[in-house]
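Colleague: I'd like to ask you about the structure that follows.
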Amino acid sequence: MKALEIRDLRKSFRSNFLFKKYEILKAININVEKGQIYGFLGPNGAGKTITIKCILGLLFPDSGQILINNKPATNPEIRQILGFLPEYPFFYDYLTAKEFLHFSAMLFSIPSKKASEVSKKLIKQVGLEGKENIKLKNFSKGMLQRIGFAQALINDPDIVILDEPFSGLDPIGRKELRDIVIALKNSGKTVFFSSHILQDMELIADKVGIIFNGNIIKEGKLSDLVSHSVQYYDVIFSNIDKKKVEANKINFVCRDESYIVRCQDINTMNNIIEFVILNKGKILSVTPIKMTLEDIFLKEIK
Amino acid sequence: MKLRAIAINTFKEAVRNKIYYLLIAFGIVFAFSSRLVSLLTLGDQVRVLKNVGLASINFFSVLIAIFTGINLIYKEIDKKTILNIMSKPISRRDFILGKFLGLSYTLLVALVSMATVFLLFLLISTGDIDWNILVYFCLLYFELLIIISISLVFSSFSTPILSSIFTINLYLIGHVLWTFNEFKTRLVEPITRIIIYLIYYILPNLEKFNLRDQIVSNEKINPMIVLTSILYALVYIAAMLTLAILIFNKREFK
Amino acid sequence: MMSLKLAAAFLILIALGGFLQFSYDSNIDYFAEHDAFVSFPTSKTLKILSFGNTNFVADMLFIWTIQFYSSLHIKNRFDYIENIFNIITDLNPQLRAAYYYGAIIMALEAREFKMAIKLLKKGSRNMKQEWIFDYESGYYAYKYLKDYKLAEEFYLKASRNPEAPSLIKRRRAHMVYVRDDLELALRLWMEIQANAKTQVEKDAAFNHLYQIKFEIETKALGPKINAYKERYGRYPIHLEELKRVGLIESIPKDYLGDEYLYDNKTGKIRAKRMYKWKKLF
């Protein structure tokens, strides 16, 4: 079952009145399965935010289809099951946190009794207890991000869309956010988030779509993309005379007292380890180096 | 419910802005100053009292209408809070209507507070209340509603500075539109004549809502004129809101 | 589809609004005769209010004025005419049309000739290069005020302008003639004749000289004929008789050298040609 499907989405902007169109999105295809955490990866200016705005009906696509739970996204009512956290948290600064959540709840037609229950729970969840009655204009950026997260979840959405949620957070904040995202997944929700930071993707995403220059250049499960190929093994050892190592025709890099050898396959690695043991050397580490998202990304955009 | 959410939020935003109270306070202070001015005149002090009072309330309520009307939508788009609202399950029509309702409520509160203070003041200083003044305030309120519906149209597609200029201009034109009546008959060339007629009948004729002169000089008010004016206001507001929704439906939020 | 419906709704509503306006307006007759309420702030106030666009304001005011004075249904439209044109010409002292047409409206419509002359005087004060204002003043003074002395002064002033056409000199000479300073008129016309460049000028000068000479002669001869009648109880049969009795030294001839026609029954002389400009009054 697909939670979100984008078929052949195209969007261009007119930069001026001279009818010169700039294509920002060129045939975007995205498939998000229900219950997945989908990472939407791409450098700044690749078209991530524009794709998200098309999903939310803030921008109108030139062509293509956006289906949410197999229903077209053009009807505003479909957003009843969506939660959205914008890239920059722009909220009404004259409202208090509680009022803001109530206002958001009203936009989802949530009755006020239920709204106050839910907002209490969410305020606790995002760690803003005791700050409910402070006006948003007195909030710090991190706090705004948290309240933004809370309002995105106010309607208990099936699909949560997060635009660059990790940017501008400190390491603790990122850790907390990752935990929340994983908790969402565990409660059966679909999460679609965009980011230009690879590390976050690798840590939580089930599926990744890479967008570059308005094209999806790669889409697939993270495990498929990354894990099946160990590229090489790095063996680090010490306590062997340099001349002996050189005599064995081993390509190495010398750092301090230790040698780093990059082996292209398992046999070479075994030979090296054998050699070290024979010569009573000390093996410091053996690391299989897998293909990272960064490598994939750099390879694909070439 | 969604409509109400927008309306309440709009009202909250307006009343949490200090300028709102400042303008109401100014309106009241200037209405009080009518007492001072009336002391300077010879005879007919009640007339001066009413005249200065009504004029100042008119002036400040129009200011509130123009500034809150444009400022609220401008802020919504400029501060990108609209991204957050429009990503919720709310149609663009409900957004515009909610904004309009919220603004009209804001203006109602402002006008009622100024009017109440002024009527009490009038009662104390003259011992009598001319109930026709209520008709005046009623028509003034409809004029304010027309102004905010126009400001909604402009802010649905244009930048805030331009929309405030447009709205203020239309307000001013609306009050001198009656001069077109003489002007349009002077043009002989058919094309310019048609254009002028179109302009004349499309632009809002705000002078219709101005009963100050009749009220101040205790003339009898023709109820038919009041009723056509209100009908005109309702039709015009409906037209402006339709136009605003029509334009806003096409608007993209980058 | 949605947009179409909305657009249709908008058009219907705006048309309805227009119709309401129309029905409202049709109750009011804007062209019923009425008094207009015209009063202006001082030109200084207007200058301040114009925020530096004084010329623009002057132009707008002038356009409005032209429209206003052609609104024949406004009965009291001339009440403030002097004030209005003064404001316009204060705002833009170089607005030639305002002086010119302002004076025309004042003189021909409002029949306020002195007012018109005052405005034109202001014009010639502010625009030294223009002769037309003095010329117009001269015309109003001559034609409507019948103040030839004043008219002559204006024409004289206008004729001093190097741009002024030769016509103005002739008008001045004519004014001098009309106010009966025949000697000066004769001198002026001779001057004109001497400087004449076109046939029209020459003809005009000739005609005037002919008439003026005749009038001078008539003036001189009349008392002599009367004296003759007193002495002899009858008019002389010929003008020769006057010479014979020593009342005149020679018999006057007209400008072409021909003799005047003398009627011995009435004692009047006539010229062969007659130019009766002065007989207008």
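Colleague: Residues B:100, B:60: which one is at pLDDT 90 or above and under 29 Å from residue A:154 (Cβ atoms)? Can you show your working first?
Modeller: Numbers: B:60 fails: under 29 Å from residue A:154 (Cβ atoms).
Of B:100, B:60, the one residue that is at pLDDT 90 or above and under 29 Å from residue A:154 (Cβ atoms) is B:100.
Colleague: A follow-up question, please. Looking at C:47, C:114, can you tell me which residue is in the same structural domain as residue C:151 (by TED's automatic domain parsing), modelled with pLDDT under 85 and on the phi < 0 side of the Ramachandran plot?
Modeller: Selected residue: C:47, the only one of C:47, C:114 that is in the same structural domain as residue C:151 (by TED's automatic domain parsing), modelled with pLDDT under 85 and on the phi < 0 side of the Ramachandran plot.
Colleague: Further question on the same structure: Return yes when residue C:194 is surrounded by fewer than 17 Cβ atoms within 10 Å (Cβ to Cβ) and within 30 Å of residue C:171 (Cα to Cα) and no when it is not.
Modeller: On the way: surrounded by fewer than 17 Cβ atoms within 10 Å (Cβ to Cβ): yes; within 30 Å of residue C:171 (Cα to Cα): yes.
In short, yes.
Colleague: Can you pull out every residue in the range B:117-164 that is surrounded by fewer than 20 Cβ atoms within 10 Å (Cβ to Cβ) and not in a helix (DSSP H, G or I)?
Modeller: B:127, B:128, B:129, B:130, B:131, B:157, B:158, B:159
Colleague: Also, I was wondering about something else. Got a number for residues in the range C:134-192 being outside any helix (DSSP H, G or I) and over 13 Å from the mean Cα position of the chain (by Cα)?
Modeller: Within the range C:134-192, the first condition is being outside any helix (DSSP H, G or I), and the residues that meet it are C:146-147, C:160-165, C:179-181.
Checking the rest, the ones that are also over 13 Å from the mean Cα position of the chain (by Cα) come to C:160-165, C:179-181.
Here the count works out to 9.
Colleague: Which of the residues belonging to the range A:45-93 are facing another protein chain (nearest Cβ under 10 Å) and among the charged types (D, E, K, R)?
Modeller: Those that are facing another protein chain (nearest Cβ under 10 Å) and among the charged types (D, E, K, R): A:53, A:77, A:79, A:87, A:93.
Colleague: Next question, about the same structure. Assess whether residue B:31 counts as being closer than 26 Å to residue B:168 by Cα, in contact with a Phe, Trp or Tyr (Cβ under 9 Å, 6 or more places away or on another chain) and at pLDDT below 85.
Modeller: yes
Colleague: Based on what the data block shows, is residue B:206 more than 11 Å from chain C (Cβ to nearest Cβ), at pLDDT 85 or above and crowded, with 17+ Cβ neighbours inside 10 Å?
Modeller: The answer is yes for residue B:206.
Colleague: I've got another one for you. Please note which strands (runs of 3 or more DSSP E) are completely contained in the range A:159-270 and include at least 3 residues that are surrounded by fewer than 16 Cβ atoms within 10 Å (Cβ to Cβ) and out of contact with any Gly (no Cβ under 9 Å at 6 or more places or on another chain).
Modeller: Hits in the range A:159-270: A:230-238, A:253-255.
Colleague: In addition: Which residues, counting only those in the range C:98-133, are assigned to a helix (DSSP H, G or I) and among the acidic types (Asp, Glu)?
Modeller: C:109
Colleague: Would you confirm, using the coordinates I've provided, whether residue B:68 is in contact with a Phe, Trp or Tyr (Cβ under 9 Å, 6 or more places away or on another chain) and within 11 Å of another protein chain (Cβ to nearest Cβ)?
Modeller: Taking the combined requirement at face value, the residue does not satisfy it.
Colleague: How about the range C:234-246: which of its residues are outside any helix (DSSP H, G or I), closer than 14 Å to residue C:262 by Cβ and aliphatic (A, V, I, L, M)?
Modeller: The initial filter retains those residues of the range C:234-246 that are outside any helix (DSSP H, G or I), namely C:234-239, C:245-246.
Then keep just the ones that are closer than 14 Å to residue C:262 by Cβ; that gives C:234-239.
Passing the criteria: C:237, C:239.
Colleague: Residues in the range A:33-48: is at least one among the acidic types (Asp, Glu) and either modelled with pLDDT of 90 or more or under 18 Å from residue A:190 (Cβ atoms) (or both)?
Modeller: Here is the first cut: in the range A:33-48, the residues among the acidic types (Asp, Glu) are A:33.
From what is left, the residues that are either modelled with pLDDT of 90 or more or under 18 Å from residue A:190 (Cβ atoms) (or both) are A:33.
Taking every residue of the range A:33-48 in turn, at least one turns out to be among the acidic types (Asp, Glu) and either modelled with pLDDT of 90 or more or under 18 Å from residue A:190 (Cβ atoms) (or both).
Colleague: Can you tell me how many residues in the range B:56-81 are in a helix (DSSP H, G or I) and of a type in the set (Lys, Arg)?
Modeller: Count: 1.
Colleague: Follow-up. Of the numbered conditions (1) away from chain A (no Cβ under 14 Å); (2) at pLDDT 85 or above; (3) buried (at least 22 other Cβ atoms within 10 Å of the Cβ), residue B:108 fails exactly one; give the number of that condition.
Modeller: Answer for residue B:108: the failing condition is (3).
Colleague: Mind counting the residues in the range A:102-141 that are within 12 Å of chain B (Cβ to nearest Cβ) and within 23 Å of residue B:1 (Cα to Cα)?
Modeller: The number of residues fulfilling the criteria is 12.
Colleague: Let me ask another. Starting from residues that are among the charged types (D, E, K, R) and over 23 Å from residue C:142 (Cα atoms), keep the ones in the range C:214-233 and report whichever is surrounded by the most Cβ atoms within 10 Å (Cβ to Cβ). Before you say what the answer is, go through the steps one by one.
Modeller: Here is the first cut: in the range C:214-233, the ones among the charged types (D, E, K, R) are C:215, C:217, C:219, C:224, C:229-231.
Right, trim to over 23 Å from residue C:142 (Cα atoms) and you get C:217, C:219, C:224, C:229-231.
Values: C:217: 18, C:219: 11, C:224: 16, C:229: 13, C:230: 8, C:231: 10.
Only one residue fits best here, namely C:217.
Colleague: Take the conditions surrounded by 16 or more Cβ atoms within 10 Å (Cβ to Cβ), among the basic types (Lys, Arg) and either within 13 Å of another protein chain (Cβ to nearest Cβ) or more than 15 Å from the chain's Cα centre (by Cα) (or both) and apply them to residue B:193. Does it pass?
Modeller: No, not satisfied.
Colleague: State which residue is nearest to the other protein chains (Cβ to nearest Cβ) when the search covers only the range B:1-31 and only residues that are basic (Lys, Arg) and touching a residue at least 40 places away in the same chain (Cβ under 8 Å).
Modeller: Here the residue is B:2.
Colleague: Being assigned to a helix (DSSP H, G or I), under 29 Å from residue C:146 (Cβ atoms) and not hydroxyl-bearing (Ser, Thr, Tyr) narrows it down to one of C:227, C:220, so name that one. Let's see the steps before the verdict.
Modeller: Details: C:227 fails: under 29 Å from residue C:146 (Cβ atoms).
None of the others qualify; the one that does is C:220.
Colleague: A follow-up question, please. Among the residues of the range B:47-62, which ones are surrounded by 16 or more Cβ atoms within 10 Å (Cβ to Cβ) and over 22 Å from residue B:8 (Cβ atoms)?
Modeller: Of everything in the range B:47-62, those that are surrounded by 16 or more Cβ atoms within 10 Å (Cβ to Cβ) and over 22 Å from residue B:8 (Cβ atoms) turn out to be B:48, B:49, B:50, B:51, B:52, B:53, B:54, B:56, B:57, B:58, B:60, B:62.
Colleague: Looking for whichever is of a type in the set (A, V, I, L, M, F, W, C), closer than 30 Å to residue B:119 by Cα and facing another protein chain (nearest Cβ under 10 Å) here; the options are B:241, B:198, B:234. Which one fits?
Modeller: Details: B:241 fails: closer than 30 Å to residue B:119 by Cα; B:198 fails: closer than 30 Å to residue B:119 by Cα.
Unique residue meeting the criteria: B:234.
Colleague: Criterion first (outside any loop (DSSP other than H, G, I, E, B) and modelled with pLDDT under 90) does residue C:84 satisfy it?
Modeller: Values: outside any loop (DSSP other than H, G, I, E, B): yes; modelled with pLDDT under 90: yes.
Here the answer is yes, as residue C:84 does meet what is asked.
Colleague: On to the next question. Can we say residue B:215 is more than 29 Å from residue C:67 (Cα to Cα) and in contact (Cβ under 8 Å) with a residue 60 or more places away in the chain?
Modeller: Yes.
Colleague: Among the residues of the range C:1-15 satisfying the criterion of being at the interface with chain B (Cβ under 8 Å from one of its Cβ atoms) and over 9 Å from residue B:239 (Cα atoms), which is surrounded by the most Cβ atoms within 10 Å (Cβ to Cβ)? Outline the logic, then answer.
Modeller: Here is the first cut: in the range C:1-15, the ones at the interface with chain B (Cβ under 8 Å from one of its Cβ atoms) are C:2-3, C:6-7, C:9-10, C:13-14.
Of the ones still in play, those that are also over 9 Å from residue B:239 (Cα atoms) are C:2-3, C:6-7.
Values: C:2: 10, C:3: 12, C:6: 18, C:7: 13.
If we take residues in the range C:1-15 being at the interface with chain B (Cβ under 8 Å from one of its Cβ atoms) and over 9 Å from residue B:239 (Cα atoms), then C:6 is surrounded by the most Cβ atoms within 10 Å (Cβ to Cβ).
Colleague: Let me spell it out: the conditions are (1) surrounded by 16 or more Cβ atoms within 10 Å (Cβ to Cβ); (2) modelled with pLDDT of 90 or more, and residue A:132 meets all of them except one. Which number is the exception?
Modeller: Going through the list (1) surrounded by 16 or more Cβ atoms within 10 Å (Cβ to Cβ); (2) modelled with pLDDT of 90 or more, residue A:132 breaks only (2).
Colleague: In the range A:17-55, what residues are in a loop (DSSP other than H, G, I, E, B) and surrounded by fewer than 22 Cβ atoms within 10 Å (Cβ to Cβ)?
Modeller: Here is the first cut: in the range A:17-55, the ones in a loop (DSSP other than H, G, I, E, B) are A:17-20, A:34-36, A:42-47.
Those that are in a loop (DSSP other than H, G, I, E, B) and surrounded by fewer than 22 Cβ atoms within 10 Å (Cβ to Cβ): A:17, A:18, A:19, A:20, A:34, A:35, A:36, A:43, A:44, A:45.
The values are calculated or read from the model by the stated rules, or taken from the named source; none is laboratory data. Fair warning: this is a prediction, and the values are worked out from it, not measured in the lab. Don't worry about glycine lacking a Cβ; one is built from the backbone with ideal geometry, like all the others, and counts go over all protein chains shown.
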